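Contents: one structure, followed by commentary.
Nothing in this text is a laboratory measurement; each read-out follows from the coordinates by a stated rule. Since we're looking at a predicted model, the values are computed, not measured. Positions of Cβ are generated from backbone atoms using ideal geometry, with glycine treated the same way; all protein chains shown enter the neighbour counts.
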Amino acid sequence: MISIWRLPLPEGPDDAGLLTLLDAAERQRAARYLNAPARRRFLLCRAALRLLLARQLSLPPLMLQLHVNDYGKPYLAEPVADLAFNLTHSDELGLIAISRAGPVGVDVESWRDTRQMDAIAQRCFAAAEYQRWQDLAQSERTPAFFKLWTRKEAFAKAVGRGIALGLEHIEFGQRGELIAVPPDCGHVGDWWVCDLDVAEGYSAAVATAGADARVKIEDFVWDGRELGV
């Protein structure tokens, strides 16, 4: 079972309350943000992540030691537990995925037009994917772009290497099925990728190791009793 929580942004407790849930390194990272909305999103997502993990493990949030790997993916260093997680945010929506059944990656993107979309598609889509995307009507290209992008990102995040994995080597077929993975990621059948219906105007996907998984989506609820102010 993969549990996914939707987190509305920038709604939530004030920054002072959120900071009480973070460790020193996270507070220092928050202080380095020059953009106030970006800082707010970081505080909300990281505080919500700590609360969710703490609820799963029945521990105070500050007892959790969160580290990142060489590619920036966070993981739980202490306590050691069979708990995998991943988080993502875009505009006014954050998603946090937690699983006890193996590595997990999640990605969400709001639909937005960008002048670089075609160049990004050429670089990050496989040849057949790019051709199918080019064949779409102009009005269909933006949602189709982000649907494919989130699938690729979710897979790359589940592997733990993000876009450094080379998104063009992760390929999906016409029906959205995974048909190719990088050589050092095993076989297609070793992985499962699924689109998520999380909000109007957004694309999202989740990925995990294995042939199949169940997904539960719910809304994250702040509990004032868990805040230190």
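Quick check on the stretch 29-39. Is at least one of its residues crowded, with 21+ Cβ neighbours inside 10 Å and among the aliphatic types (A, V, I, L, M)? No: zero hits. Restricted to the stretch 60-136, the set of strands (runs of 3 or more DSSP E) holding at least 2 residues that are within 12 Å of the chain's Cα centre (by Cα) and on the phi < 0 side of the Ramachandran plot comprises 84-90, 93-99, 104-110.
Among the residues of the stretch 166-195, the ones that are over 18 Å from Ala127 (Cβ atoms) and either of a type in the set (Val, Ile, Thr) or in contact with a helix residue (DSSP H, G or I) (Cβ under 8 Å, 6 or more places away or on another chain) (or both) come to 4 in all. Any residue at all in the stretch 197-204 that is of a type in the set (Gly, Ala, Ser), assigned to a strand (DSSP E or B) and crowded, with 19+ Cβ neighbours inside 10 Å? Within the stretch 197-204, one or more residues are of a type in the set (Gly, Ala, Ser), assigned to a strand (DSSP E or B) and crowded, with 19+ Cβ neighbours inside 10 Å.
Which members of the stretch 1-17 meet the condition of being free of Cβ contacts under 8 Å to residues at least 40 places away in the same chain and either of a type in the set (Ser, Thr, Tyr) or in a helix (DSSP H, G or I) (or both)? Correct list: Asp15 only.
Going by the conditions given, is Arg100 touching a Leu at 6+ places or on another chain (Cβ under 7 Å), surrounded by 12 or more Cβ atoms within 10 Å (Cβ to Cβ) and charged (D, E, K, R)?
Judged against the criteria, Arg100 is a match.
Screening Val68 with (1) in contact with a strand residue (DSSP E or B) (Cβ under 8 Å, 6 or more places away or on another chain); (2) surrounded by 12 or more Cβ atoms within 10 Å (Cβ to Cβ); (3) of a type in the set (Val, Ile, Thr) gives one miss only, at (2).
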